[in-house]
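Shown next, in structure tokens, is the structure this report addresses.
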Amino acid sequence: MKDFIANVKKTPVVLIFVSLVTGIGCFAVQFNPFTKEFASLSRIFKTDYPQLLTSMAEWLRDRATDPTLLVTTIAIAFLTVLGVSLISGFFTSGFSFVLYINTYNSIHRIPKKVKTMARFREGINKRFWNMTVYTFLTIISFALIVFLLAYINMPMAVSVGKVIGGDTSQILPMLLLIAVMLVVTFFVTVFFSMYVSYTMPSIVAFKTGGARVAFKIVNAYCWYLIPRTLLFIGYNLVIEILLLAIGYGLSSPALSGLVFVLNFLLRTAGIMYYVYYVFKTYIEMKEDMFDVV
């Protein structure tokens, strides 16, 4: 914790960047029509998931059968993701480079002060396109995984709905489905989080092949990293459950503002600590694996 606080003091610009990104994310998640419709536990339990899946399938079918609409939808989605990736690549390449150098110096007790703006520009010059591609692929992969997890969890949701509705014959199938889906969701979520997290510092460390090195490190140290990654996921899950419990999408303007501030502060603290932890452990594991001093 002392090293973390010391690093934040040395490079407060990284905290500012994380806070800004987290604030934008929290605002986008909380203040949108979908959140107002579904962001409460009572609404989640009452939702007809088979009907929701059917509606999604119909939406996709309507676009697939109309070439013009399909091309337009794909083009808008592609350009949106590309635009976000370019903006993210610009800032992330600079800030991640600063954080990597500062963390490296901290681990090796190098007293040399990091020149933030000089390192920031160096990071953009060296890693802009790498980070842009990384962000683009991460967004696409995340969207696909969320969709697939939602799809494969539908039978479990249907089974739970039947049991809640009084069909006791579905208790055993429900328990089996819950067990299987929890295992699948657990491993998919944890390993995706680890691969995505450790690829970022690896891109900074290696001009080419950074993703390959990150995957190799995660695979080698997975049993060490899983509990810690799970703790971060659990931390954010608890926050989300609390938000859903108070129905933050349906709250009054005053309560919404208070919830937003609390959510922002908790998320920022958790994400900032996790980012530092990832960079620190990546450097240590890379040096241990490749026997670099």
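Residue-wise test of (1) over 23 Å from the mean Cα position of the chain (by Cα); (2) within 30 Å of Phe17 (Cα to Cα); (3) surrounded by 14 or more Cβ atoms within 10 Å (Cβ to Cβ); (4) at pLDDT 75 or above.
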| site | (1), (2), (3), (4) |
| --- | --- |
| Gln51 | yes, no, no, no |
| Glu58 | yes, no, no, no |
| Asp62 | yes, no, no, no |
| Thr68 | yes, no, no, yes |
| Val81 | no, yes, yes, yes |
| Ser85 | no, yes, yes, yes |
| Gly89 | no, yes, yes, yes |
Of the residues in the range 99-125, those that are buried (at least 16 other Cβ atoms within 10 Å of the Cβ) and either under 20 Å from Ser85 (Cβ atoms) or of a type in the set (Ser, Thr, Tyr) (or both) come to Leu99, Tyr100, Thr103, Tyr104, Ser106, Thr116, Phe120, Gly123, Ile124
Looking at the range 80-121, which of its residues are among the aromatic types (Phe, Trp, Tyr) and closer than 12 Å to Phe279 by Cβ? Phe95, Phe97, Tyr100, Tyr104
Which count do you get for residues in the range 69-114 that are closer than 16 Å to Leu15 by Cα and out of contact with any Ser or Thr (no Cβ under 6 Å at 6 or more places or on another chain)? 12
Considering the range 282-293, residues that are without any contact (Cβ under 8 Å) to a residue 60 or more places away in the chain and in a helix (DSSP H, G or I), and then whichever is surrounded by the most Cβ atoms within 10 Å (Cβ to Cβ), we arrive at Glu287
Single unsatisfied condition, Met285 versus (1) of a type outside the set (Phe, Trp, Tyr); (2) modelled with pLDDT of 90 or more; (3) within 20 Å of the chain's Cα centre (by Cα): (3)
Among the residues of the range 191-244 satisfying the criterion of being hydroxyl-bearing (Ser, Thr, Tyr) and outside any helix (DSSP H, G or I), which is surrounded by the fewest Cβ atoms within 10 Å (Cβ to Cβ)? Thr208
Being over 15 Å from the mean Cα position of the chain (by Cα), at pLDDT below 85 and hydrophobic (A, V, I, L, M, F, W, C) narrows it down to one residue among Ile246, Ile217; which is it? Ile246
Which of (1) at pLDDT below 75; (2) farther than 24 Å from Ile239 by Cβ is the odd one out, the single condition Ile76 does not satisfy? (1)
Tell me whether the range 152-171 contains one or more residues that are modelled with pLDDT of 80 or more, over 27 Å from the mean Cα position of the chain (by Cα) and loosely packed, with under 14 Cβ neighbours inside 10 Å. no
List pairs: first residue in the range 1-19 and buried (at least 16 other Cβ atoms within 10 Å of the Cβ), second residue of a type outside the set (S, T, N, Q) and modelled with pLDDT under 75 anywhere in the structure, Cβ distance under 9 angstrom, at least six positions apart or on different chains. Lys10/Lys113; Lys10/Val114; Thr11/Val114; Val14/Val8; Leu15/Val8
Hey, among the residues in the range 12-37 that are in a helix (DSSP H, G or I) and modelled with pLDDT under 75, which one's nearest to Tyr273 (Cα to Cα)? Thr35
Residue match in the range 259-279 (condition: crowded, with 16+ Cβ neighbours inside 10 Å, closer than 29 Å to Gly123 by Cα, within 14 Å of the chain's Cα centre (by Cα) and polar (S, T, N, Q)): yes
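The values are calculated or read from the model by the stated rules, or taken from the named source; none is laboratory data. Predicted, not measured: the structure shown is a model, and the values here were computed from it. All Cβ positions, glycine included, derive from the backbone under ideal geometry; neighbour counts span all protein chains shown.
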